Amino acid sequence: MIRTGTGAIIGAGVGVAVWVFGKLAGSAHAVKTVSRRNFVRNATLGAIVIILAQLAGGFLRFFWPNKTGAFGSVLTVTADNIPAVGETPFRNTAGKFYLVRNEDGLLALYWKCTHLGCTVPWNEGEDRFHCPCHGSIFFRNGVKESGPAPRPMDFFPVTVTPTGDVQVDTGSPTTRNDYDPSQAAPYPG
Ligand code: FES
């Protein structure tokens, strides 16, 4: 309703602009005048065009949903899912990452293998990430132990909230050549 009203107002504005332009053009040619009928017609057409454009925009927006709760957005891992130091990494399917906790804090490791992009699963028995495609093996901090992968697993920025929940920004994976403690987000407790 508000949008439609706004469109009508903007359309009327466009109509006025057209009318003024017509006036100027008319004075330039010193003959032609814009009648009241033309003014009303221009204002109406302008309003219709603006309203249709807004409706079309809203229609397209409907098919372009926000990326919330999906890979590429900021995802939350609640405090009760944060693993203890050395525990099995927490797997987040939507975010395609493992949340690992070591002595330095939390690491959100992108599970896409840095070799050819396979999904790298955690192997509990090996205490490693082990890519099934060509055998790359990564330590729990994501650094490569062996295999053809050219670099460690990428990681996502982690923010610890005051409640102990953790936010992982899956929109910006960071590449690295080695592990550095600054890559981990300190986690209290
Ligand atoms: S894709 Fe993982 S080792 Fe090749």
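Residues to consider are Tyr110, Tyr98; find the one that is hydroxyl-bearing (Ser, Thr, Tyr), more than 14 Å from the ligand (Cβ to nearest atom) and touching a residue at least 24 places away in the same chain (Cβ under 8 Å).
Numbers: Tyr110 fails: more than 14 Å from the ligand (Cβ to nearest atom).
Only one candidate qualifies: Tyr98.
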Out of region 77-86, which residues are in contact with a strand residue (DSSP E or B) (Cβ under 7 Å, 6 or more places away or on another chain), part of a loop (DSSP other than H, G, I, E, B) and not β-branched (Val, Ile, Thr)?
-> Pro83, Ala84
If you take the residues of region 162-179 that are assigned to a loop (DSSP other than H, G, I, E, B) and closer than 21 Å to Pro83 by Cβ, which of them is farthest from the ligand (Cβ to nearest atom)?
-> Pro162
Could you tell me which of the residues His130, His134, His115 is on the phi < 0 side of the Ramachandran plot, open to solvent by 30 Å² or more (accessible area, probe 1.4 Å), in contact with a Ser or Thr (Cβ under 7 Å, 6 or more places away or on another chain) and near the ligand (Cβ under 10 Å from one of its atoms)?
-> His115
With criteria (1) more than 27 Å from the chain's Cα centre (by Cα); (2) on the phi > 0 side of the Ramachandran plot; (3) within 15 Å of the ligand (Cβ to nearest atom), Pro148 comes up short on (2)
Could you say whether any residue in region 165-187 is out of contact with any strand residue (DSSP E or B) (no Cβ under 8 Å at 6 or more places or on another chain) and closer than 24 Å to Ala70 by Cα?
-> yes
For region 130-148, indicate whether the set of residues that are among the hydroxyl-bearing types (Ser, Thr, Tyr), within 16 Å of Tyr98 (Cα to Cα) and outside any loop (DSSP other than H, G, I, E, B) is non-empty.
-> no
Do we find that Thr88 is open to solvent by 50 Å² or more (accessible area, probe 1.4 Å) and more than 16 Å from the ligand (Cβ to nearest atom) in this structure?
-> yes
Name the one entry in Thr114, Thr159 that is hydroxyl-bearing (Ser, Thr, Tyr) and in a loop (DSSP other than H, G, I, E, B).
-> Thr114
Can you spot a residue in region 125-139 that is within 23 Å of Ala79 (Cα to Cα) and touching a residue at least 24 places away in the same chain (Cβ under 8 Å)?
-> no
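The values are calculated or read from the model by the stated rules, or taken from the named source; none is laboratory data. Please read all numbers here as calculations on a predicted model, not as lab measurements. As a convention, Cβ positions derive from the backbone with ideal geometry for all residues, glycine included, and neighbour counts pool all protein chains shown. The protein model used for the area step is the full one, side chains on, heavy atoms only, and it has no ligands, DNA or RNA in it. Shrake-Rupley method; radii C 1.70, N 1.55, O 1.52, S 1.80 Å.
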